[in-house]
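Engineer: Attaching a single structure in structure tokens format; questions to follow.
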Amino acid sequence: MRDYSSFGQLLAHLARLYEGEGRAGGDQAAAALNAAVSNLPKNLPEPYNYLPGMAERALERDPHPDAPIVAAALPLIRWFHVSDSLGSIGAEMGGRMMVCELLGPNGMIFNDRVRVGLFVQCPHLDYVTRSHSAEETYIILGGEAFWSSGGAEPELKTAGDIVFHPSGIPHYSVTREQPTIAAWRWSGDISYEAYACTG
Ligand SMILES: [Fe+2]
């Protein structure tokens, strides 16, 4: 049987990060993460990684000080192709991103009210403009990317930065030489049906 202690430590770490966000949605995500830590399932889905080394590479580049906690849990994570869940993202683009849902309706641990996961974007990828009903907060864990919301000029975001998207706001992320890795959370209307690529 696998040792999932590092997975629990990752969830507790993300709870601390989202407690620091200062929004009700962040508090909700933190509470769900802490509840999962205190009742960690014995059998989690099998790990799966279709871009070996990419998350590690992103994490090594200007990492958050607690990056070793994330790194230790990476071998236990079940990543999925974004295009499998979000049909409006094609296979080519989806194959250059890694997403995992740690908590959520499709998560490694079930939760019907929030989604919390990790996101990796490969270098040289323009992740097109998208919007969704869910309120969203990314917390950058390593690497670098340029982020834009509401039509504003894209800004460089690195480890420790918080990127907040209110419900329905169009946003995009662009990587250059480096990949990026971030935590993400959704609250409110968290259905994938309410997600659309718009340009
Ligand atoms: Fe988003």
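Just so you know, all these numbers are worked out from the coordinates, no wet-lab data involved. Everything quoted here is computed from the prediction, not taken from an experiment. Counting neighbours? That spans all protein chains shown, and the Cβs are built from the backbone with ideal geometry, glycine included.
Engineer: Which whole-Hz couplings ³J(HN,Hα) result when phi for each residue of the stretch 129-142 is put into the Karplus expression 6.51 cos²θ - 1.76 cosθ + 1.60, θ = phi - 60°, listed in order with x for Gly and Pro?
Structural biologist: 4, 9, 8, 7, 5, 5, 6, 9, 10, 9, 10, 6, 9, x
Engineer: Using the reciprocal of the averaged 1/r over all distinct C-alpha pairs, how large is the Kirkwood radius of the stretch 116-199 in Å?
Structural biologist: One over the average 1/r among Cα pairs gives 12.7 Å for the stretch 116-199.
Engineer: Here is a further query. In sequence order, what are the phi-derived ³J(HN,Hα) couplings for the stretch 11-18 according to the Karplus relation 6.51 cos²θ - 1.76 cosθ + 1.60 with θ = phi - 60°, rounded to whole Hz, with x for glycine and proline?
Structural biologist: 4, 5, 5, 5, 4, 4, 4, 6
Engineer: Of the residues G168, G160, G53, which exhibits the maximal mean-square fluctuation in a Gaussian network model of the chain defined by a 10 Å Cα contact cut-off?
Structural biologist: Checking each option, the largest mean-square fluctuation is seen for G53.
Engineer: How much net charge surrounds A32 when only other residues with a Cβ under 13 Å from its Cβ are counted (Lys, Arg +1; Asp, Glu -1)?
Structural biologist: Around A32, the surrounding residues sum to -1.
Engineer: Residue by residue through the stretch 114-128, what is 3J(HN,Hα) from phi via Karplus (6.51 cos²θ - 1.76 cosθ + 1.60, θ = phi - 60°)? Round to whole Hz and write x for glycine and proline.
Structural biologist: 9, 10, 9, x, 10, 9, 10, 10, 5, x, 6, 10, 9, 7, 4
Engineer: Net charge around P123, counting only other residues with Cβ within less than 13 Å of its Cβ (Lys, Arg = +1; Asp, Glu = -1)?
Structural biologist: +1
Engineer: Given a 10 angstrom Cα cut-off, can you work out which residue in A152, A29, A71 is the most mobile in a GNM of the chain?
Structural biologist: Residue with maximal mean-square fluctuation among A152, A29, A71: A152.
Engineer: Can you list the residues, at least 5 places off or on another chain, whose amide H is less than 5 Å from the amide H of R115, using H built in the peptide plane?
Structural biologist: W186
Engineer: Starting from the coordinates of the alpha-carbon atoms of the stretch 54-120, obtain the Kirkwood hydrodynamic radius over all distinct pairs and give the value in Å to one decimal.
Structural biologist: 12.9 Å
Engineer: So if I take the centroid of the Cα atoms in the stretch 49-112 and the same for the stretch 145-187, what is the distance between those two points in Å?
Structural biologist: Result: 16 Å between the Cα centres.
Engineer: Between T198 and A152, what length comes free when the chain is fully extended (0.36 nm per residue of separation minus the Cα-Cα distance, one decimal in nm)?
Structural biologist: Length difference between fully extended and current span is 15.0 nm.
Engineer: Same structure again: Taking the alpha carbon gyration tensor of the chain, what are the square roots of 5 times its eigenvalues, largest first, to the nearest whole Å?
Structural biologist: Values for the chain, descending: 23, 19, 17 Å.
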